[in-house]
1. Report relative contact order for the chain in percent, whole number only (criteria: Cα-Cα under 8 Å, sequence separation at least 6).
2. Over the residues of the chain, compute the C-alpha Rg and express it relative to 2.2 N^0.38 Å.
3. With +1 on the Cβ of every Lys and Arg and -1 on the Cβ of every Asp and Glu, and nothing else charged, how large is the dipole of the chain about its Cα centre, in debye rounded to the nearest 20?
4. If you average the alpha carbon positions of segment 94-144 and of segment 11-71, how far apart do those two centres end up, in angstrom?
5. So for Met172, Met1, what's the accessible-area order with a 1.4 Å probe, most first?
6. Tell me, what ³J(HN,Hα) does each residue in segment 138-153 have, in order and in whole Hz, if you take phi through Karplus 6.51 cos²θ - 1.76 cosθ + 1.60 with θ = phi - 60° and put x for Gly and Pro?
7. Hey, rough spin-label estimate for Arg83 and Arg21, points 7 angstrom out along Cα→Cβ, what's it come to in nanometres?
8. 7 Å from Cα along Cα→Cβ at both Glu31 and Asp156: what's the point-to-point distance in nm?
Amino acid sequence: MADPVNVQLTNLGDKVNSKYRDFSPVISLDEKKLFFTSRRLRKDSSNIYFKDYYDGQYFEDIYYSEKDENGNWKEAKLVEFSRKDHHDATVNISPDGLVLYSYRDDKGDGNLYESDWEGDKWGLPGRIIGSHINTKSWETHLSITADGQTMYFVSDRPEGHGGRDIYRCVMMPDDEW
């Protein structure tokens, strides 16, 4: 409050936003790709009969939008691996933009996944390698340092200090966390 900064908020418009819940934005380092989570009815209505039992809303899907040559966001598209009958949510993207990190609900225990960019689409997500990350507890978010050697993630594992806590994990020489 001692040094206020002027911030301009800009609604991204109906090419990105919907009347449904859109949240958890992740933007690439070059600011040309935006990934986000949405609980919208899909354009092809393929998820019309798939709603979360607990809140009656459509399951979370991952969408992305890219900037056009004029700097405007294009129409959001569904990421290919989003499942219509489970939660898939955005978590982060690697600094080089080639790995998309996501959250998946696996039988009530959320886990962290990574998907590699494979030329023109995202590959199927795989659980993050390393037995110390995904557990029977609920892992929901992560951030990886630019050098790819340190990961910070959130978990509600029992040895924590207050519900969801932040943990630090380092990459070992065998490329496992």
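The values are calculated or read from the model by the stated rules, or taken from the named source; none is laboratory data. Worth saying up front: this structure is predicted, and the values here are computed from it rather than measured. No Cβ is skipped: glycine too gets one built from the backbone with ideal geometry, and neighbour counts run over all protein chains shown. Heads up: the accessible areas ignore ligands, DNA and RNA and are worked out on the full protein's heavy atoms, side chains in. Shrake-Rupley method; radii C 1.70, N 1.55, O 1.52, S 1.80 Å.
1. Working: 347 pairs, mean separation 22.8, N = 177.
Relative contact order for the chain comes out at 13 percent.
2. Values: Rg = 17.3 Å, N = 177, 2.2 N^0.38 = 15.7 Å.
In units of the 2.2 N^0.38 Å rule of thumb, it is 1.10.
3. Values: 23 positive and 33 negative charges, 151 e Å.
Once rounded to the nearest 20, the dipole reads 720 debye.
4. One Cα centre to the other: 18 Å.
5. Descending order: Met1, Met172.
6. 9, 9, 10, 9, 7, 9, 10, 5, 4, 7, x, 9, 9, 10, 10, 9
7. 1.9
8. Simple spin-label model gives 3.6 nm for this pair.
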